[in-house]
1. How much length is gained if the chain between Ser332 and Leu34 is pulled fully straight, taking 0.36 nm per residue apart and subtracting their Cα-Cα distance, in nm to one decimal?
2. For region 27-72, what % of the accessible area comes from carbon and sulfur atoms, probe 1.4 Å?
3. Just grab the label-to-label distance for Ser269 and Gln353, each label 7 Å out from Cα along the Cβ direction, in nm (one decimal).
4. For the pair Ser121 and Asp284, how long in nm is the line joining their label points, each one 7 Å along Cα→Cβ?
5. Accessible area per residue for region 203-322 in Å², computed with a 1.4 Å probe and the full protein assembly in place, what is it?
6. So, for region 24-94, what is the accessible surface per residue at a probe of 1.4 Å, expressed in square angstrom?
7. Compute the signed sum of charges (Lys and Arg +1, Asp and Glu -1) over the other residues within less than 11 Å, Cβ to Cβ, of Tyr104.
8. Rounded to the nearest 0.05, what FRET efficiency do Tyr313 and Val368 have when you use their Cβ-Cβ distance and R0 = 30 Å?
Amino acid sequence: MDSTTIPVLLVTANVGSIFEDPTEMLKMWTEEFLSTVSKLDPKFIALHCQEVGGKNYELSMKHVEHFVKLLMASNELRLFDKIRVFLDEDYSSAEHFTALGNLYFVHHSLENILIWDFKNSVFLPVQGKEIHSGNIEAVITKEKAKFPQDFFPECKWSRKGFMRTRWSLNGSVVDLVNIHLFHDASNFIAMEKYPSVYCKNRRRALQHTLQRFHNDIYGRAPYILFGDFNFRPDTDGVVKKLTSGLKTTRIQNNKNNEYSKIQFSTEDSQLVLTVGKKEFNHLDHQTVFLNGMEWLKSFDKELEAFEDTLTEYPVTFCPSYPFEEKVSHPTSYMPTRCPGWCDRVLLSKQAEQLVAEDRKVDYGLMGVGACMGDHKPVYLRLDLKQNAGTLVCCDHAPFACLPEKCQCCHTFASVEINVIDMSDCKTNFSDASPIDAKLLHEPITREMLTHDPYTPESVDSHLHSPVPELTRAPGQEKEEEEEEARRGSVSPAQLKSRLEGVLRELDPPKAMKRSTSEKVVLAGSEGGFFRDRALSEVPKGVHAKLISTDSVGSLHRLQSHHSSSDEDWFEFEESETKCIDCSQEIVKEGVTDVAVYKGKVEKKKNKRKKKHCRLCDELKCCSCAIV
């Protein structure tokens, strides 16, 4: 190892599907990862995993532990004597759970290695092996956040977010960020136009994250983001290229009169391409997408919106998703989605300056010839300069560049507002104390106060036809249809008004305190290899639990939590006698629900079961009430 650089290996892997077949795939995945480590010979390894544990989490918990033990006990990692593992496993906490896992391995030859304490804003020396699992909210050497659910009120629970660590590697400071962005829920919606609503939503979430780092309360630092960005090719452009000159046939679903498939065929009726909500099947599927990478790469455009802020080394490998999960077909794509480069390693401009220019950079797929699940891991091997200190994009104070863009990093500063965390709300406000909700609520940006508040899932639920322009009723205008699709939703302005209304009701304004687990036992302690997993308190009145099933096949996986699906992750059981907002007992009296429709307030008697207590109804004003 050169005394002026550190060989670093960065790996991102969506591992959800390997836990559905741990007998074969878990072992195969681990062998390929360790083989890559041996070949590239790094001295610092960062492995960022998404969807840790798969869907059947109650059944897969033991496999996660086995997975980490396999790595730590391997011969290839025997000389890595400093280890930090962060596994977000607390699936009972729907408001916190991300299913992210950050694993770091440091070679014994590296001595001056520090990790950031996000609570006390100091660097701590890294010695020994520590594993944090289960509920890791109280762990101070990581920052974890989910994208704000409140901005997408009709969306199912999502686990998308990021987990960050900050390191000082022999005098060079860098943030390593594991990120998971929203997927494409429906091929029909994705192919309507570019950028699709899914693309816009990913762009918004990523921009939100970068603005948060730019106005970092811990101080700015170079950062490397590697995770499942769910970036997809321009589906509309790909379909047009593949179907030029072909005739189109739409197959109708007899149950609901909606289109279930669109087929493109030649004049002699030879079927070339079939597109369904979760089907994307070409006549020569493998040849077109495995061997035709150059034409497909021209439709990979999502990173263009961030070219002033982020950089990526040349992509010379085939799309990382969606590969077959059958061990016998390790190099074949599933005919479910247009293959895309979902998994990426991106660097800030300052992080790029930390890379030694005179050394080879290796950017590619791991396990090309092996079954690694539906996502092939992506790795970046580079040499990091030592003793570079902290390279910053600018030295002005946070928000000082408003109202203009910051000239050095071309991003807007964020606009801060105060947000109350109501997840543990009780009717007695007198004992409340300030907290940090650890959601990406603060700061809220200009864009977030003006954007279309739909996630991919909620758009999917609103658009009743995959091809709206073909199924619109006679005389119905597009604007009317869009209004119909948004009916009952809450706009960002209404959300902001709601939050400000809650603040006004609190006199003096105070926030609620969230209970978190302080029970963290490090590896090697009396608690055993892993700490005792503590599950967060689930608010009374609503019970969120993981949907479980005995099915482990690929067909079921398409309906599970993976990138190609609709995120049916949690199911909820509501108490019939408790308010869903504050968990208080509801008396057997009439209750009025308040709804918002086109800016007007409508009141109606709830003749079914009661949902809100009187106090919670009173807190709902005309501009922000939600049934």
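The values are calculated or read from the model by the stated rules, or taken from the named source; none is laboratory data. Note that the structure is predicted; figures quoted are calculated from it, not measured. No Cβ is skipped: glycine too gets one built from the backbone with ideal geometry, and neighbour counts run over all protein chains shown. The area values use the complete protein model at the heavy-atom level, side chains included, leaving out ligands, DNA and RNA. Shrake-Rupley method; radii C 1.70, N 1.55, O 1.52, S 1.80 Å.
1. Here the segment from Ser332 to Leu34 would lengthen by 105.0 nm.
2. Answer for region 27-72: carbon and sulfur cover 53 percent of the accessible area.
3. 6.6 nm
4. The two pseudo-label positions are separated by 6.1 nm.
5. On a per-residue basis, region 203-322 sits at 43 Å².
6. Using a 1.4 Å probe on heavy atoms only, each residue of region 24-94 averages 33 Å².
7. So the environment of Tyr104 carries a net charge of +3.
8. Efficiency, rounded to the nearest 0.05: 0.95.
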